[in-house]
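Enquirer: Submitted below is the structure of interest, expressed as C-alpha cells.
Derivation of every value follows stated rules applied to the coordinates shown; laboratory data play no part. Model, not experiment: these values are computed from the prediction. Neighbour counts run over all protein chains shown; Cβ positions are idealised from the backbone, glycine included.
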Amino acid sequence: MTITEQEARMVPQVVARQLKANAEILLQLKERLKNTPPRYALTIGRGSSDHACTYAKYLLETNLGLVTASAAPSVVTIYGASLKMKDALVIGVSQSGRSPDICKMMAIARQEGAITVAIVNDINSPLAQGAEFLLPMHAGEERAVAATKSCLASLAALAHLTAVCSNNQKLLCDLDNLPQTLSQALELSWADALSEFKQINNTLVIARGFGFPIAQEAALKFKETSALQAEAFSAAEILHGPFALIKENHPYLLFAQIDATLNGTLELAQKITALKGRVILAIAKNDKISMTELQKLAAVVLPLPASLDAILDPLMTIQAFYPMVAQLAVMRGFNPDAPEHLRKVTETF
C-alpha cells in the first residue's frame, strides 16, 4: 500500500482527534465574532487548501450569511495593493503554513484589523504564529506529496468552525458521527472506477454546491498522482460551453449530495448518458432515489455510506476517492507518493 493511501486511511482518527481538541478555541472564536461581527470573510490558500477555502465559501455564506471571497495574495505581495480588511474574518488554510505569500497576506490582514484564523498542520509555522486564532489540523506528519489527510482535516475544521459559530446544533451532532462515517467510506470498494480511468488521458469531475470543492480536489489528485488531465466543473456551469467536450464511451466522474442540488445533478447525468458518455456517479446511500433508477442514469454507481448531512456528504466522498486514486496511479505506472516535478512544501511569492 502506498504512503498516499496509508495516510488517507488515517483520516477518521485525525478528524476525531481534531474535533475534540479544537472545541474550546472555537467557542472563543464564536465569542469574538459575536462581539465584533465581521463585514465579510476572506480565505487564503493554495492547491488543496484553496479547495478547502471554496468549501468555506459555501459554509459561511449558507450558514452565517457572510459574503466570502478567495484572496489573490499576489494583489498584495506582487502588486502592493492596500486592502481594507478591518473587521473582516480572514481564514488562512495551509498544511505547512510556510508559503511566503500566504503568510504575508495573513500578517497584513491582522495589521489591518481583521479577525484572523489559521487552519494549519504545523503549529510552529509562521502562518500559525501570525494569526489571532489557531485551529490545528492535528493530522500529524504528512509524508506523501499529494495531500490527503491534511485536506480532509481542513474540510472538517471548517465545518466545525461553521457549526459552532452559527450555533448549528444539527451539524454539531452530525460532526460527532463523522469519524465513523469516514471509516465506513473506507470500507467500500471503488474498484469499478479503476478500469474506467486506467486507460484514458482526460476527464471531467462534476459536482455542485458543497460538492464542487471536492470535485476541484479530485481533479487535482487525478493530475498530480496519475498524470490524468482532469478538470472540475460545477454542474450548473458545464452546460455553458464545456458540455461540448462530452464524448461517446468516455467516463466522467459526478459527485452528488442529498440536498437541493440533487435533481439538477441527476438531470445532468441523464444528459451525458443520452449522449452515450459513461457517467461514474458517487452518491450517498439514501431513500430518495433507488439503485434501479441510478443504474439507468450511470454506467457505474460508486457506493457511499448513508447520508449524514448534505454539508458533510462531500467529506465522505473524497475520503472514498483518495484510496482509489492512489491505486489508479500505481495501475497507470506512477508513484503517487512522489509525483514528478512536485515537492511537499511549495513556496510562492
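Enquirer: Starting from the Cα of residue 285, draw a straight line to each of the aspartates and glutamates and keep only those under 15 Å, dropping any in the same chain fewer than 8 residues away.
Expert: Those aspartates and glutamates meeting the cut-off are 187, 259, 293, 309, 313.
Enquirer: List the residues, sorted by chain then number, that are 5 or more residues from residue 42 or on another chain and whose placed amide H is less than 5 Å from its amide H.
Expert: Close amide H contacts, sequence-distant or interchain: 69, 89, 90, 91.
Enquirer: Follow-up question, since we're still on this one. With the alpha-carbon atoms as the only input, what is the per residue convex hull volume for region 189-331 in Å³? Provide the component values of the computation, followed by the final result.
Expert: Numbers: hull volume 13.2 nm³, N = 143.
Output value, Cα hull per residue: 92 Å³.
Enquirer: Assigning unit charges at the beta carbon (Lys, Arg +1; Asp, Glu -1) and nothing else, what dipole magnitude in debye, to the nearest 20, does the chain show about its Cα centre? Please list the in-between numbers first.
Expert: On the way: 31 positive and 32 negative charges, 70 e Å.
That gives a dipole near 340 debye.
Enquirer: Within the set 247/296; 57/104; 57/223; 149/170; 170/198; 30/221, which residue pairs have Cα atoms separated by over 30 Å? Walk me through the intermediate numbers first.
Expert: On the way: 247/296 18 Å; 57/104 21 Å; 57/223 24 Å; 149/170 25 Å; 170/198 40 Å; 30/221 34 Å.
Pairs exceeding the cut-off: 170/198; 30/221.
Enquirer: Would you pull out the residues with amide H under 5 Å of residue 254's amide H, same chain only if 5 or more places away, H placed 1.01 Å from N?
Expert: Close amide H contacts, sequence-distant or interchain: 206, 280, 281, 282.
Enquirer: Of the chymotrypsin sites (Phe, Trp or Tyr not before Pro) in region 44-149, which ones lie in a loop per DSSP and count no more than 16 other C-beta atoms within 10 Å?
Expert: Working: sites: 55, 58, 79, 133; in loops: 79.
Loop-located and lightly packed - 79.
Enquirer: Quick check on the chain: helices-only [θ] at 222 nm, where DSSP H runs of length 4 and up contribute -39,500 (n - 2.57) each and the sum goes over total residues. Nearest 500, please.
Expert: Details: 14 runs with 164 residues, N = 349.
It comes out at -14500 deg cm²/dmol, rounded to the nearest 500.
Enquirer: When only C-alpha pairs under 8 Å and at least 6 residues apart count, what is the relative contact order of the chain, in percent?
Expert: Values: 684 pairs, mean separation 71.8, N = 349.
It rounds to 21 percent for the chain.
Enquirer: Can you quote the Å³ per residue value for the convex hull of the Cα atoms in the chain, rounded to an integer? Don't skip to the end; give the middle numbers.
Expert: On the way: hull volume 43.9 nm³, N = 349.
With only Cα atoms used, the chain gives 126 Å³ per residue.
Enquirer: Here is a follow-up. Helices from the chain with mean Kyte-Doolittle at least 0.5 and a Cα length along the axis of 27 Å or more, per DSSP H: which?
Expert: On the way: long enough: 169-187 (28 Å, -0.23); 313-331 (28 Å, 0.98).
Correct list, ordered by number: 313-331.
Enquirer: Taking only the alpha carbons of region 3-185, what extent do you get along each of the three principal axes, in Å, biggest first?
Expert: For region 3-185, the Cα spread along each principal axis is 47, 36, 25 Å.
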